[in-house]
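Below is one structure, written out as structure tokens; the observations come after it.
The values are calculated or read from the model by the stated rules, or taken from the named source; none is laboratory data. A quick note: this is a predicted structure, and the numbers were derived from the prediction, not measured. Glycine also receives a Cβ, built like all others from the backbone with ideal geometry; neighbour counts cover every protein chain displayed.
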């Protein structure tokens, strides 16, 4: 590296199990996170996480078997990091791009060790979650700050990108992905499916719901509002009340109302993983077919779509300033 040796970007994601053997430890890591399971006692929270991991592992392994035995999230995130690093260099703002997973590997600890070894002086903390939630970006940032303190690195040198739900090229990339599956004809319904979170978090001030609604409005506008649209939520876990309506319930309601063409848009996910490849592509597709919806399509995930990588580079360049 030349003048990029002092500038870096840390991409955050939650991660996912890469093999069936990884499922139980991944679930434990996920549910022992204090920003996801709000139990003050660490011992009690870890005990609850152990119980959840033990009871859910068999079902979760069955779901991962349906998509090849593991999550592609680590590979896709590494590809996004490589594409972003390349694009930053092309735009004259070179920086090293790192990956840190909150619940799997490479961990945030691993990423900070690399950052320290490379003697990076300026770092952009960039979550791969467009909309902010304490359960995602908040959790990653809180843990990152702890790791920085342990490594005796100066958090003042970090530029924090907390949300980018209105980023123009992100909106453009989402619209481009939707157009890929709705090129011909009309009569379809756009169903935006976001990962749900406990409703209590929103009541306590989490901006996730408002930001997700705003993203949906901007995408609809970018498309020219070609169809009716609905926001729904998937991936609920546990007995507490989560954001509603559920994607499942909306699919059934639309079918009863006569919808025959449905396009599902994974609005809070920028990479393919279990929620897109299994929950939407298999579970919801089968549900729609059994309910009488003749045509079911999912807008492809952003992954390394060029317009999306350009959006990430815009965010980094603004945060870092001139080289």
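Filtering segment 75-84 to residues that are in contact (Cβ under 8 Å) with a residue 24 or more places away in the chain and in contact with a strand residue (DSSP E or B) (Cβ under 7 Å, 6 or more places away or on another chain) leaves 77, 80, 81, 84. Within segment 218-239, the residues that satisfy the criterion of being surrounded by 15 or more Cβ atoms within 10 Å (Cβ to Cβ), part of a helix (DSSP H, G or I) and either within 18 Å of the chain's Cα centre (by Cα) or free of Cβ contacts under 8 Å to residues at least 40 places away in the same chain (or both) are 219, 220.
If you go through segment 36-65 and keep only what is within 19 Å of residue 269 (Cβ to Cβ) and part of a loop (DSSP other than H, G, I, E, B), you end up with just 36. The single condition among (1) surrounded by 17 or more Cβ atoms within 10 Å (Cβ to Cβ); (2) part of a helix (DSSP H, G or I); (3) touching a residue at least 40 places away in the same chain (Cβ under 8 Å) that residue 282 does not meet is (1).
Can you confirm whether segment 8-17 contains a residue that is touching a strand residue (DSSP E or B) at 6+ places or on another chain (Cβ under 8 Å), more than 30 Å from residue 280 (Cα to Cα) and touching a residue at least 60 places away in the same chain (Cβ under 8 Å)? Don't jump to the end; show me each part of the working.
From segment 8-17, those touching a strand residue (DSSP E or B) at 6+ places or on another chain (Cβ under 8 Å) are 8-15; that's our starting set.
Now narrow it down to the ones that are more than 30 Å from residue 280 (Cα to Cα): 8-9.
Those still in the list that are touching a residue at least 60 places away in the same chain (Cβ under 8 Å) too: 8-9.
Yes: segment 8-17 contains one or more residues that are touching a strand residue (DSSP E or B) at 6+ places or on another chain (Cβ under 8 Å), more than 30 Å from residue 280 (Cα to Cα) and touching a residue at least 60 places away in the same chain (Cβ under 8 Å).
Scanning segment 244-262 for residues that are crowded, with 21+ Cβ neighbours inside 10 Å and outside any helix (DSSP H, G or I) gives 259, 262. Against the test of being surrounded by fewer than 19 Cβ atoms within 10 Å (Cβ to Cβ), within 24 Å of residue 255 (Cα to Cα) and assigned by TED's automatic domain parsing to the domain that holds residue 243, the options 214, 183, 200 yield a single qualifying residue, 183.
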